Each structure stands twice: as C-alpha cells, then as structure tokens.
1. Quick one: net charge of Glu240's neighbours, Cβ under 12 Å, K/R +1, D/E -1?
2. Efficiency by 1/(1 + (r/R0)^6): what FRET value for Asn237 and Lys4, r their Cβ-Cβ distance, R0 = 22 Å, to the nearest 0.05?
3. Using a ≥ b ≥ c from the Cα gyration tensor of the chain (square roots of the eigenvalues), is it rounded, prolate or oblate, where a/c under 1.5 gives rounded and otherwise the larger of a/b and b/c decides, a/b for prolate?
4. Provide the FRET efficiency to the nearest 0.05 for the Asp154-Asn122 pair, computing r from the beta carbons and using R0 = 22 Å.
5. In terms of modelled amide H atoms, which long-range or inter-chain residues lie less than 5 Å from the amide H of Thr246?
6. Distance between the C-alpha centers of segment 141-204 and segment 13-31? Whole Å please.
7. Given 0.36 nm per residue, what is the gain on full extension from Ser67 to His210 after removing their alpha carbon distance, in nm?
8. Using a 10 angstrom Cβ neighbour count of at most 14 plus a DSSP loop assignment to flag exposed GluC sites (Glu not before Pro), which longest range of the chain is free of such sites?
Amino acid sequence: MEKKYQEVLSKIKQADSILIGASNGLAISGGIHIFAENADFIEQFGDFCEKYGFRNIVQGAFYPYPSEEEKWAFFSRMYAYFLKNKEASPVMKDLYELVKDKNYHVVTSNTDSHFTLAGFPNERLFEIEGNSRYLQCSSGCHDQIYQGDEILSDMARNQEDGRVPSQLIPKCPKCGGPMQVHVEVDRNFLKGEEWQMSFQAYKDFIEKAHGKKLVLLELGVGARNQLIKAPFMNMTNQEENATYITLNMGSEVYIPEEIAAKSIGIDGNIAEVLHQLVQLK
Ligand SMILES: [Zn+2]
C-alpha cells in the first residue's frame, strides 16, 4: 500500500495542474451523510422524519412543505447541521494540506460548503449543484444569489414545533415571492452569472492544463456518476500526460480498461487515505 501512496504523492508533486472532483463519498468521510437514516439524522431531523415521513436529508430537501414556515424550519436546520461547528473536518483539512501549494481547481456536487470551510478559495471552486448557505428567488425571477448565513442561522435558532416565525422568512427583494436555498432541488435553480463564471473558471483551468502534467484526483464519486466521473475519465483518456487517481470504497473504485495504465485506484476510507498521504508528504 505504501508504494501506491508514494506513487500518488509523486504524481501530485510533479503535476502542473490538479483537478479535484468530489462528491458524496467525500462528504461522508467528513461526517455528513445526506442519504442516510443514521443516528445523526434521527438526532437532528427526527421530528421532521416523524411529521413528514422522509428518511434522509436529500428527501427532506425535495419535500413539498405545506408552508414557508415549515420549509425554512428544515432548510435552516440543514444549514446549521452542515456548518454547526464552523470548523473544517480533519479530512477536508488534510485535502487542503495536500494541494494548497499546487495549481488546483475543484469541481463538486456537494452543497455543504465544506470546501470553503477548509480554506479553498471561491475562485477555485465550481459547486455544480449550488451551496446551501446561499439564497435565490424560488421562481428565479432575477439572476442573483444572496449570502444567507445570517438569515439561516437566525431561523435555525428561533424555530419551534418545526416552524419558523413568519417575520424571519426571507422574501425575494424583486418580486416579493418566496426564496429558497441555492441548491439544485428543482428546475428553477439559478445557473446565472455567478454559476456561469464559476463554470467558465473550471473550463479555463482545463484548457490551460491541456498537454501538461495533469492529475485528476477523484474523491468519493459514485461509479455511475455522470456529472464528474465521466468527464474525468474522458480527460484521462484524451490527455497524454494525465493521471487519474480515484479514492473510494470497495466496488466504487472503478477504472475502465482504456485508462488503466494511467490510473491509480485506492480502496479505503478517504479520511484515512488522505491523512496517510499528508503524513508521508
Ligand atoms: Zn423573485
């Protein structure tokens, strides 16, 4: 195993560019599991689970709440759950430590804001499906997203019986209608100026990396993922000097034959693997 780790470290050291792709598996290794009905979920969201019957955070995010007061009780508590300690998890700190001095960019479908928490700057982050600390107009009447930290913390602190007081509920400053978190929960998710800029920065990074030594570091992305995994594999295939490094659990470590010679797969707990890598660095 140590040989594999040394190989990963040497690829990272030599790389001109590192593209990090992360999904749910990375969040899980940092303690946030949005698809699980685990002890954490019961403790944090048990009353919602009883009232509405949903079994995990994702189901809660897609639930058609009967009122704004109830909707915001859930989303503000989700915000508090994601960001309650306001400190990055050890796995995110290790990841940052591993790449902080390199030329890197991140693409992620995680919406928990944990890259930001760990110190990754916004201009190097492409959060494809949004970020739950920002707000937008629910009907997408105008193209702007708003920092929601203050409103969300307020609502998280002041809810009772699964409801937020009406006067705390955010209203769209343009149309006066309801707002929602800037997370892709429906087709009104804003892919406006900010999202496009972020997408462009990601594309620019890839374009500049062309022909150079590129490491594609994939963390906890499911085998069927099309949003991140498929483009990463294509790039590995097309780029002569690319190395594909995938960290995942068990059968999720999938490397197709075509790129096997350019790939390193590590099966294990991502938090432990990244910690090992930082130790050996
Ligand atoms: Zn509006």
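1. Net of charged neighbours comes to +2.
2. Values: r = 22 Å, r/R0 = 0.98.
After rounding to 0.05, the efficiency reads 0.55.
3. Judged from the Cα gyration tensor, the chain comes out prolate (a/c at least 1.5, a/b above b/c).
4. Computed FRET efficiency for Asp154 and Asn122: 0.40.
5. Amide H neighbours of Thr246, under 5 Å, 5+ apart: Glu218, Ile264, Gly265, Ile266.
6. The two parts, judged by their Cα centres, are 26 Å apart.
7. Values: separation 143, 0.36 × 143 = 51.48 nm, distance 4.97 nm.
Residue separation times 0.36 nm, minus the Cα-Cα distance, leaves 46.5 nm.
8. Between the exposed loop sites, the longest stretch runs 88-239.
The values are calculated or read from the model by the stated rules, or taken from the named source; none is laboratory data. None of these values were measured; they are calculated from a predicted model. FYI the Cβ positions are ideal-geometry reconstructions off the backbone, even for glycines, and counts take in every protein chain you see. Side chains are part of the model used for accessible areas, which takes the heavy atoms of the whole protein and leaves out ligands, DNA and RNA. Shrake-Rupley method; radii C 1.70, N 1.55, O 1.52, S 1.80 Å.
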